[in-house]
Amino acid sequence: MKVLFFAQSRGAAGRGDYILEVKKPVTESEFWALVTAVFPALEPHQKTARLARGESYLQKGELLGPNDEVAVIPPVSGG
Amino acid sequence: MEISIELTGQLIARPQKWAAPFDPETGSLVEFYGIVRETEGAAKIPALRYEAYASMAEKVMREKIALLEKKHPCQAIRVVHRLGTVPRGESAIYVGIQSRHRQAGFLFLQEFMDELKKDVPIWKCA
């Protein structure tokens with residue numbers, strides 16, 4: 001699974017992307033457990049950031065697959 | 001509805017020029033420029049820096065426009081959002097909306113900006 005980090009989440013991870021080893025589909029909370037194990041500084045972002053898969057926001061209950069591209073989207077502030 | 005979306009590192013000139021001729025049914029052009037203020041929160045700033053998840057930002061904007069078009073039919077929309085460093089006094093965003101009558105354009109613009117600030121993955125960093 002390719003994980004993309006933006007804005008504050010990129011700062012916390014210290015990089016823009018990361019390949020997360022995932023063997024089976026995972027829930028959103030399982031994703032956060034895996035990703036914060038690698039990047040503990042992302043832990044506070046779990047409360048505020050949303051996830052997107054394939055450039056669409058993840059809907060409640062949807063799973064994330066091993067081949068998905070998942071973006072960590074902190075609260076937006078464009079315009 | 002004609003849709004033009006641009007994310008750019010270049011200055012957003014004021015006033016903006018539309019390349020294509022206006023739709024013959026256009027009777028109103030509503031425009032908005034979002035400008036970088038001197039203060040962000042309590043701090044005085046020389047500039048803001050914007051970044052985006054560009055491909056998703058454009059996709060989400062198109063989805064928002066498709067929904068709003070059903071509520072407020074318009075002829076055309078042009079969105080330009082600047083990325084990178086934007087000095088104070090310069091525009092971070094331009095939105096122009098052509099409609100038959102002004103009310104649809106005003107409503108479309110207001111709701112589009114609300115949706116953009118809620119869901120479009122663009123961030124400002126002081």
For segment B:42-76, give me each residue that is assigned to a loop (DSSP other than H, G, I, E, B), free of Cβ contacts under 8 Å to residues at least 60 places away in the same chain and farther than 27 Å from B:Phe22 by Cβ. B:Ala42, B:Pro46
Which condition does B:Lys44 not pass, out of (1) surrounded by fewer than 15 Cβ atoms within 10 Å (Cβ to Cβ); (2) out of contact with any Ser or Thr (no Cβ under 8 Å at 6 or more places or on another chain); (3) at pLDDT 95 or above, if it passes all the others? (3)
Among (1) part of a helix (DSSP H, G or I); (2) facing another protein chain (nearest Cβ under 10 Å); (3) surrounded by 15 or more Cβ atoms within 10 Å (Cβ to Cβ), B:Phe108 falls short only on (2)
Scan segment B:77-101 and report the pairs whose first residue is on the phi > 0 side of the Ramachandran plot and whose second residue is outside any loop (DSSP other than H, G, I, E, B) and of a type outside the set (Gly, Ala, Ser), with Cβ atoms within less than 6 Å and a gap of 6+ or a chain change. none
Does A:Leu64 satisfy being closer than 25 Å to B:Cys125 by Cβ and either touching a helix residue (DSSP H, G or I) at 6+ places or on another chain (Cβ under 9 Å) or without any contact (Cβ under 8 Å) to a residue 40 or more places away in the chain (or both)? no
Would you say A:Ala49 is touching a residue at least 12 places away in the same chain (Cβ under 8 Å) and in contact with a Ser or Thr (Cβ under 9 Å, 6 or more places away or on another chain)? yes
Quick one: how many residues across segment B:59-78 are within 10 Å of chain A (Cβ to nearest Cβ) and under 17 Å from B:Phe108 (Cα atoms)? 3
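The values are calculated or read from the model by the stated rules, or taken from the named source; none is laboratory data. In this text, all values refer to a predicted model and were calculated from it rather than measured experimentally. Positions of Cβ are backbone-derived with ideal geometry, glycine not excepted, and every protein chain shown enters the neighbour counts.
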